[in-house]
1. Across the stretch 284-328, what is the total count of residues that are part of a helix (DSSP H, G or I) and surrounded by fewer than 18 Cβ atoms within 10 Å (Cβ to Cβ)?
2. Specify the residue that is surrounded by the most Cβ atoms within 10 Å (Cβ to Cβ); the eligible residues are those in the stretch 184-197 that are at pLDDT 85 or above and not in a strand (DSSP E or B).
3. Quick check, is residue 242 not in a strand (DSSP E or B) and not aliphatic (A, V, I, L, M)?
4. Tell me, which helices (runs of 4 or more DSSP H) wholly within the stretch 106-183 include 2 or more residues that are in contact (Cβ under 8 Å) with a residue 40 or more places away in the chain, of a type in the set (A, V, I, L, M, F, W, C) and in contact with a helix residue (DSSP H, G or I) (Cβ under 8 Å, 6 or more places away or on another chain)?
5. Just to be sure I understand the filter: pairs with C-beta atoms under 9 Å, separated by 6 or more residues or on different chains, first member in the stretch 235-260 and closer than 20 Å to residue 49 by Cα and at pLDDT 95 or above, second member surrounded by fewer than 11 Cβ atoms within 10 Å (Cβ to Cβ) and of a type in the set (Asp, Glu). Which pairs pass?
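The values are calculated or read from the model by the stated rules, or taken from the named source; none is laboratory data. In this text the structure is predicted, and so the values were computed from the model without any measurement. Reconstructed Cβ throughout: ideal geometry from the backbone, glycine too, with neighbour counts over all protein chains shown.
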Amino acid sequence: MDKFKKSTLLSEGMVEKRLEGEDIVLSRTRAKKVEPGDPSPELQLRYPQNQTIATHGFVRSLTRRTEEDGALFYYDVPIGNEVATTVCMIDIDKCKSAHIECHQPFSEYDWNVYNAVVSLYKAGNELITPPAVYRMMTGCDVNNIGDGQLLAVCKSLDKLRFTRLVLDCTQELRERGIQLDSQDVLRGMYDTYLLNASAMRARSAGFALVALKLETDPVLYHYAALTGQVLQVPTKMFKICRVEEDADGKLFATEDLVKNNESRIKIKGYLARRVRAASSPHRSTSCKIVFRSYQYKDEHRFGLYEVAGYEDGECPPIHAKRIRDYVEEVLRYWIAVGYVSGYKFLYDKKNSRVISGISIEIPPWTGAVWSGYAASAALPPAAAG
């Protein structure tokens, strides 16, 4: 099994740079056929029918950090009437690569990539390829992935592999009464990369590809699972298709896929987390989401425009309309397949012409919509790699 240097960048393969005398290739459009007797392992990828998502409030807080905020910060975890303080340092190891975009150590897009990697890893995949991560994020078994989409995934994977996280959650684990190996936690400390993974060569249907091999459980997933804050979201929720109405006015989904881009992946990932979190017997039957970010006490709360990549006040009207149109497209599809029961736009109290948010109606909890997705299914041969 050929293992590349830890500093091997997946994104450099997209611009056809050579590393250690080997061409790094990430998709069949660039891949070369392997020679007879090639010792590289054969990919046996499996898609899980669920996405595994770490939803700990600390993970959400990471998406709000920027390089200007500094590496060290504190996060207060409410536990009943008490508050536990978690100490964190997150920083990109720039000595490993000066080419990684680091304005945000962990962006909304990175969160979607991270969830896809965790889901594939927990399904038993020893090797994970960038195309498989893209398919997991979008729920689509597609072969022809554009170079731009694949490059975005590779850049995110590179950043996650070289972003170091030091996390001291001792106080939280003690407050929750969590034990490890039947022992009280004396020191709850993580010091690792967001993805502790190495790049190596693999084969798929006679072609050579580069894949990632995770050395340990992804740290954010391990932390969230330890505190019981993990969601299972059906992968089908991310495969958005166009919707039509029948003669009775009932919505039904067609086979016509809605195109994906970075902004749309972030939007539907955010919506899926919010809808799934609200779909439980202990929650209300609606979910309200704002379009513009706002400040609540000392907390900055994201709106969908900022989730999509626009700073507050910097989303041009035409782009804002595109975002709202896409949100409608996603929700209409989810209505057609039964994940939500309806929605309505909310208008600004001071200006009734301004759309300020959207209220999503959740079907009464039965568990039926969210059950039956735990098994893993083999990828079609065409989708391997």
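1. At the first step, the residues of the stretch 284-328 found to be part of a helix (DSSP H, G or I) are 304-307, 317-328.
Going one step further and asking which of them are surrounded by fewer than 18 Cβ atoms within 10 Å (Cβ to Cβ), we end up with 317-322, 324-325, 328.
Looking only at that region, the number is 9.
2. 195
3. No.
4. Working: elements: 108-122, 130-138, 147-161, 170-176.
Ranges flagged: 108-122, 130-138, 147-161.
5. From the stretch 235-260, the pairs are 241/255; 241/256.
Residue-by-condition table, conditions (1) under 28 Å from residue 60 (Cα atoms); (2) of a type in the set (Gly, Ala, Ser); (3) surrounded by fewer than 17 Cβ atoms within 10 Å (Cβ to Cβ):
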| site | (1), (2), (3) |
| --- | --- |
| 166 | yes, no, yes |
| 172 | yes, no, no |
| 179 | yes, no, yes |
| 203 | no, no, no |
